[in-house]
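One structure below.
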Amino acid sequence: MSKQSALVTGGGGFLGSHLCDALLAEGFSVVAADNLLTGRRHNLEHLRNETRFELLEIDINQPFDCGRVDYVFHFACPASPVDYMTHGIETLQVGSIGTFNALEVARKYRAKYLVSSTSECYGDPLEHPQKETYWGNVNPIGPRSVYDEAKRFTEAATMAYHRYYKLDTRIVRIFNTYGPRMQLNDGRVIPNFMKQALLGQELTVYGDGHQTRSFCYVDDEIDGFLRLAKSSEHFPVNIGNPSEFTILECAKRVLALTGSKSSIRYEALPQDDPKQRCPDITKARALLNWEPKIDLETGLKMSLEYFKKAVSLEESKATPK
């Protein structure tokens, strides 16, 4: 078993907390750094008695040093539309200042560095599916730009540290991921549909529902991160599920799984919302021998119990005592 140590910024988030679990399972000692702006202490509650784990409630936009580590996984950033629209300035700050501070920790200890980027770097793509060589079609001043440009800058800073300081860096471009620990109200497709279906509310579909997404279950996504971390690839790698679904198809699958009688309500498409989003994972297959194993139907079934509990908890909080 490994006796290495890792820092995970944003360790209280959806992906960050699952990454902490996976690293601990591989024998790492793990420090999670999170100011809990959008991350949640509850996501790490099960690790409270784990001696190889520590949560530091700090703001990485301030210079910090958590001690010597072998790996830095920079995952701190509001990632859902609801969160980054609410915390736009903080999103830009953590993508720039926070990124520099995380890179400096890796530089100080000559640690391997992996940063979470996003398929949003491709914007509303004119190439389909999206390869890592595609430069994207991004509106740099639109409402989503606080997230898109934060991540594009993050990539630029990471490559600069690799080129100028010879830092051992990696960049993962994450496509739509789902599973337990997602926030119910984060504005993303799966939690929105799950919550609405379980509450018997109308499922909200934006536009005509024919825009496409590809959904990767969290366990597959994390496996891709770990494989990339152990590789020697410095340029971006797409990690996502290439199986493509229309939003309408996804809504119907959630309705079938939950047994909900909810109808579908159509609303206007938000500005700069991508019409299609699907990864080309040729590079991940060849370089990492990675591809997702869990299909959408199976992943939704694996997520259902979590969403039922989350909806029940939210309802109990909303009920006057």
Only one residue in A310, A251, A284, A256 is without any contact (Cβ under 8 Å) to a residue 40 or more places away in the chain and of a type in the set (A, V, I, L, M). Which one?
A256
Please identify the pairs in which a residue from region 84-113 that is at negative phi has its Cβ atom under 7 Å from the Cβ atom of a residue that is open to solvent by 70 Å² or more (accessible area, probe 1.4 Å) and assigned to a helix (DSSP H, G or I), counting only partners at least 6 apart or on another chain.
G95/F153; S96/F153; R107/Y165
Could you grab the pairs with beta carbons closer than 6 Å, sequence gap of 6+ or different chains, first residue in region 161-188 and in contact (Cβ under 8 Å) with a residue 40 or more places away in the chain and on the phi < 0 side of the Ramachandran plot, second one of a type in the set (S, T, N, Q) and part of a loop (DSSP other than H, G, I, E, B)?
D186/S80; R188/S80
Picking from E221, E202, E233, E244, which residue would you name as being within 23 Å of R144 (Cα to Cα) and of a type in the set (D, E)?
E244
Write out, first by first residue and then by second, each pair whose Cβ atoms fall under 6 Å of each other, whose residues are 6+ apart or on separate chains, and whose first residue, in region 193-208, is open to solvent by 10 Å² or more (accessible area, probe 1.4 Å) while the second is of a type in the set (A, V, I, L, M).
K195/L184; K195/V311; Q196/L203; L198/V311; Y206/L269; G207/L269
Among the residues of region 129-138, how many are in contact (Cβ under 8 Å) with a residue 24 or more places away in the chain, under 16 Å from I171 (Cα atoms) and open to solvent by 10 Å² or more (accessible area, probe 1.4 Å)?
2
Out of all the residues in region 296-321, which are of a type in the set (A, V, I, L, M, F, W, C), modelled with pLDDT of 95 or more and either out of contact with any Lys or Arg (no Cβ under 9 Å at 6 or more places or on another chain) or loosely packed, with under 14 Cβ neighbours inside 10 Å (or both)?
M302, L304
Any hit, region 145-165, residues being of a type in the set (K, R), more than 21 Å from the chain's Cα centre (by Cα) and surrounded by fewer than 20 Cβ atoms within 10 Å (Cβ to Cβ)
yes
Within region 119-128, is there a residue that is without any contact (Cβ under 8 Å) to a residue 60 or more places away in the chain and not in a helix (DSSP H, G or I)?
yes
Of all residues in region 195-220, how many are part of a loop (DSSP other than H, G, I, E, B), under 23 Å from E314 (Cβ atoms) and of a type in the set (S, T, N, Q)?
1
Give all pairs with beta carbons closer than 7 Å in which a residue from region 291-303 that is farther than 21 Å from L228 by Cα meets a residue that is open to solvent by less than 60 Å² (accessible area, probe 1.4 Å) and assigned to a helix (DSSP H, G or I); count only pairs at least 6 apart in sequence or on separate chains.
L300/V254; L300/L257; K301/L257
How many residues, within region 139-181, are out of contact with any strand residue (DSSP E or B) (no Cβ under 9 Å at 6 or more places or on another chain) and acidic (D, E)?
1
Checking I141 against (1) of a type in the set (V, I, T); (2) more than 19 Å from V105 (Cα to Cα); (3) open to solvent by less than 50 Å² (accessible area, probe 1.4 Å), which single condition isn't satisfied?
(3)
Out of region 96-124, which residues are open to solvent by 10 Å² or more (accessible area, probe 1.4 Å) and aliphatic (A, V, I, L, M)?
I97
Starting from residues that are in a loop (DSSP other than H, G, I, E, B) and among the β-branched types (V, I, T), keep the ones in region 129-162 and report whichever is farthest from Y113 (Cα to Cα).
I141
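The values are calculated or read from the model by the stated rules, or taken from the named source; none is laboratory data. Note that the coordinates shown come from a computational prediction; the quantities given were computed from them, not determined experimentally. In this analysis, Cβ positions are derived from the backbone assuming ideal geometry, glycine residues included, and neighbour counts consider all displayed protein chains. Quick note on the areas: whole protein, heavy atoms, side chains included, nothing else; ligands and nucleic acids left out. Shrake-Rupley method; radii C 1.70, N 1.55, O 1.52, S 1.80 Å.
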